[in-house]
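Structure first, commentary second.
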Amino acid sequence: MLVSINRRVPRWALPLQRRQRYKGASGGRGSGKSHFFAEEAVERMVCDPSLRVVCIREVQRSLKFSAKALVEAKIRELGVASLFLVLTTEIRRVGGSGVMIFEGMQDHTSDSIKSLEGFGVAWVEEAQSISQRSLDLLLPTIRAEGSEIWFSWNPDKKTDPVDQLFAKGLDGSVRVHTTYRDNPFLPSTLRDEARRLKEADPEKYEHVWGGAYNLGGKGRVYAKFLDKPFPEGNVDASVCDLGGEIYVGQDFNVNPMASVIAVRAVDECHVLDCLLIETSNTPEVCQEIADRFPHRRVVFCPDPAGNARHTNAKAGQTDFAIIRSFGFEVRAPSAHPPVVDRVNNVNMMLCDGHRRRMRIHPKAAHLIESFGGQVYKTDTNIPDKSGGYDHPNDAAGYLCWQEFNLLHDTRASVSSFAIG
Ligand SMILES: Nc1ncnc2c1ncn2[C@@H]1O[C@H](COP(=O)(O)OP(=O)(O)OP(=O)(O)O)[C@@H](O)[C@H]1O
Ligand SMILES: [Mg+2]
């Protein structure tokens with residue numbers, strides 16, 4: 001019996017119809033990932049009566065939380081109900097040995113997983129939750145000639161095993177990313193939900209509906225930073241050296257020294273670069289700046305502690321003295337501003353509701369990553385330093401506090417001047 005399946009495949013999914021061993025569809029909520037793979041599985045089983053398909057989740061508490069109901073609906077919608085026998089725990093292909101089953105990887109051991117060896121398709125739903133152990137068990141098990149492993153997921157963290165799997169550049173793989181905006185079947189309720197969140201919480205929207213990684217939502221210290229091209233976000237490849245004073249926000253650490261290099265464009269701070277120099281000291285940083293900007297007026301805006309701090313360079317010299325010895329000017333307040341003020345000031349520069357007065361060239365990748373990555377320690381207002389994001393952020397904070405201070409009408413006091 002020849003059955004023709006009449007279905008509309010969304011444009012974003014077309015690459016997934018090529019024969020490939022690994023197929024990935026990541027994206028935001030409501031983009032049509034589950035519907036696509038469910039239809040795809042039904043169509044494959046219609047075309048191949050002996051095809052065995054396993055639908056996998058990391059944890060499957062009950063069949064209610066599996067793709068089974070969706071697949072059953074697709075069988076009806078596609079008009080192929082006569083070809084399937086729907087049982088409580090599985091769906092059998094009439095007229096062949098084909099079957100679809102639904103399993104949780106946590107229920108499998110290295111022995112039990114062998115029962116899946118004859119399966120031609122494994123579809124891993126909610127793959128952001130799949131553990132490395134499960135991947136290690138599953139990938140070598142799906143081994144039938146021409147077999148395929150499909151992944152659909154809402155990205156959470158860059159370090160999640162499924163993201164790492166595709167990031168490494170898998171041989172024989174195709175991966176697409178999609179959002180509700182690409183879904184031709186999108187119900188208006190979902191569109192309204194997405195719009196509502198976009199207004200209320202643009203960051204969360206990027207994660208939930210845009211399928212971006214979860215940066216911690218309101219737990220992010222630099223919550224106003226948006227890793228998107230200007231004017232929507234703070235990243236701007238058109239930022240360039242305008243020829244005026246060069247500002248260097250400087251955080252002193254032995255490992256690493258963090259420097260944020262910027263220029264002023266009227267009342268905006270345009271970041272040209274961010275240096276993160278490992279096992280370095282103040283003279284090395286100054287030399288690097290001198291080499292990059294010969295014959296330029298350079299103003300360092302360092303951590304005020306550098307006025308007392310002595311590097312391991314020359315006995316008796318403070319960091320400030322070293323900076324001045326290179327002919328650079330030092331501007332810093334006499335004492336540390338409260339951390340919360342410094343952070344608020346940076347956030348206001350990043351976006352005060354109307355304007356993004358801090359623009360960052362993509363070359364300053366360390367700063368972009370750090371603004372996006374630093375979170376507060378759980379249930380506190382203390383920025384977490386364990387992620388290593390604090391150094392570039394602090395450097396940017398000192399610079400903004402000194403030269404772009406939106407909290408104080410006047411600039412913080414100038415504690416020292418360059419001696420040429
Ligand atoms: N092929 C399709 N046929 C009919 N409706 C569809 C189809 N694809 C998507 N839709 C509609 O779009 C909605 C979202 O699709 P789906 O549930 O597949 O998205 P998803 O990307 O899996 O979302 P989530 O990330 O929330 O799981 C569905 O509830 C359905 O209304
Ligand atoms: Mg889904």
query: Out of all the residues in segment 165-205, which are in the same structural domain as Trp153 (by TED's automatic domain parsing), away from ligand 1 (no atom under 16 Å from the Cβ), outside any helix (DSSP H, G or I) and not aliphatic (A, V, I, L, M)?
result: Lys168, Gly169, Asp171, Gly172, Ser173
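Go through Pro202, Pro187 for me and flag whichever is surrounded by fewer than 16 Cβ atoms within 10 Å (Cβ to Cβ) and over 18 Å from Asn393 (Cα atoms). I'd like the intermediate steps shown before the answer.
Numbers: Pro202 fails: surrounded by fewer than 16 Cβ atoms within 10 Å (Cβ to Cβ).
The match here is Pro187.
Among the listed residues Gln132, Gln164, Gln128, which satisfies the condition of being among the polar types (S, T, N, Q), within 22 Å of the chain's Cα centre (by Cα) and within 16 Å of ligand 2 (Cβ to nearest atom)? Step through it out loud before you land on a result.
Details: Gln132 fails: within 16 Å of ligand 2 (Cβ to nearest atom); Gln164 fails: within 16 Å of ligand 2 (Cβ to nearest atom).
Of the residues listed, the single one that is among the polar types (S, T, N, Q), within 22 Å of the chain's Cα centre (by Cα) and within 16 Å of ligand 2 (Cβ to nearest atom) is Gln128.
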message: Within segment 139-148, does at least one residue satisfy the condition of being farther than 22 Å from Leu16 by Cα and away from ligand 2 (no atom under 16 Å from the Cβ)?
response: no
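Being within 16 Å of ligand 1 (Cβ to nearest atom), in a loop (DSSP other than H, G, I, E, B), of a type outside the set (Val, Ile, Thr) and in contact with a strand residue (DSSP E or B) (Cβ under 9 Å, 6 or more places away or on another chain): is that true of Gln60 here?
Here the answer is yes, as Gln60 does meet what is asked.
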- prompt: Only one of (1) within 16 Å of ligand 1 (Cβ to nearest atom); (2) in contact with an Asp or Glu (Cβ under 7 Å, 6 or more places away or on another chain); (3) modelled with pLDDT of 95 or more fails for Arg7. Which number is that?
  reply: (3)
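Look through Thr88, Thr141, Thr109 and report the one residue that is out of contact with any Gly (no Cβ under 9 Å at 6 or more places or on another chain), surrounded by 19 or more Cβ atoms within 10 Å (Cβ to Cβ) and in a loop (DSSP other than H, G, I, E, B). Even if it seems obvious, please write down each step before you answer.
Numbers: Thr88 fails: surrounded by 19 or more Cβ atoms within 10 Å (Cβ to Cβ); Thr109 fails: surrounded by 19 or more Cβ atoms within 10 Å (Cβ to Cβ).
Result of the check over Thr88, Thr141, Thr109: Thr141.
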field: Near pairs, Cβ below 7 angstrom, 6+ apart or cross-chain, from segment 235-255 (free of Cβ contacts under 8 Å to residues at least 40 places away in the same chain) to any residue that is surrounded by fewer than 16 Cβ atoms within 10 Å (Cβ to Cβ) and aliphatic (A, V, I, L, M)
entry: Leu242/Ala265
- request: Look through segment 66-79, keep the residues that are within 16 Å of ligand 2 (Cβ to nearest atom) and assigned to a loop (DSSP other than H, G, I, E, B), and return whichever of them is surrounded by the most Cβ atoms within 10 Å (Cβ to Cβ).
  value: Ala67
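Could you check how many residues of segment 149-161 are away from ligand 2 (no atom under 16 Å from the Cβ) and part of a strand (DSSP E or B)? Even if it seems obvious, please write down each step before you answer.
In the first step, residues of segment 149-161 are kept if they are away from ligand 2 (no atom under 16 Å from the Cβ); the result is 149, 157-161.
Then keep just the ones that are part of a strand (DSSP E or B); that gives 149.
The number of residues fulfilling the criteria is 1.
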statement: Residue pairs within 6 Å by beta carbon, gap of at least six or interchain, first lying in segment 288-305 and more than 21 Å from His391 (Cβ to Cβ), second among the charged types (D, E, K, R) and modelled with pLDDT of 95 or more, listed first then second, are Arg297/Glu245
message: Go through segment 107-157 and report how many residues are of a type in the set (Val, Ile, Thr) and closer than 12 Å to Arg57 by Cβ.
response: 2
message: Against the definition (buried (at least 20 other Cβ atoms within 10 Å of the Cβ), at pLDDT 95 or above and in a loop (DSSP other than H, G, I, E, B)), how does Val239 come out, yes or no?
response: yes
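So, Ser26, is that one part of a strand (DSSP E or B), of a type in the set (Ser, Thr, Tyr), in the same structural domain as Ile142 (by TED's automatic domain parsing) and within 16 Å of ligand 1 (Cβ to nearest atom) or not? Spell out how you get there, then give the answer.
Numbers: part of a strand (DSSP E or B): yes; of a type in the set (Ser, Thr, Tyr): yes; in the same structural domain as Ile142 (by TED's automatic domain parsing): yes; within 16 Å of ligand 1 (Cβ to nearest atom): yes.
For Ser26, the condition - part of a strand (DSSP E or B), of a type in the set (Ser, Thr, Tyr), in the same structural domain as Ile142 (by TED's automatic domain parsing) and within 16 Å of ligand 1 (Cβ to nearest atom) - is met.
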query: Just a yes or no: is a residue in segment 10-23 away from ligand 1 (no atom under 16 Å from the Cβ), of a type in the set (Ser, Thr, Tyr) and more than 26 Å from Arg143 (Cα to Cα)?
result: no
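Looking at the structure I just gave you, is Ser50 more than 12 Å from ligand 1 (Cβ to nearest atom), more than 33 Å from the chain's Cα centre (by Cα) and among the small types (Gly, Ala, Ser)?
Numbers: more than 12 Å from ligand 1 (Cβ to nearest atom): yes; more than 33 Å from the chain's Cα centre (by Cα): yes; among the small types (Gly, Ala, Ser): yes.
Here the answer is yes, as Ser50 does meet what is asked.
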message: Condition check: outside any strand (DSSP E or B) and away from ligand 2 (no atom under 14 Å from the Cβ). Does Val42 satisfy that?
response: yes
message: Here are the criteria: (1) more than 16 Å from ligand 2 (Cβ to nearest atom); (2) in contact with a helix residue (DSSP H, G or I) (Cβ under 8 Å, 6 or more places away or on another chain). Tell me which single one Asp107 does not satisfy.
response: (2)
- prompt: Only one of Ser115, Ser34, Ser82, Ser97 is assigned to a loop (DSSP other than H, G, I, E, B) and more than 21 Å from Gly172 (Cα to Cα); which?
  reply: Ser97
message: Out of everything in segment 352-383 that is more than 20 Å from the chain's Cα centre (by Cα) and surrounded by 21 or more Cβ atoms within 10 Å (Cβ to Cβ), what residue ends up being farthest from Pro256 (Cα to Cα)?
response: Arg356
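The values are calculated or read from the model by the stated rules, or taken from the named source; none is laboratory data. Since the model is a prediction, treat every value here as computed from it, not as a measurement. Virtual Cβ from ideal backbone geometry, glycine too; neighbours counted across all protein chains shown.
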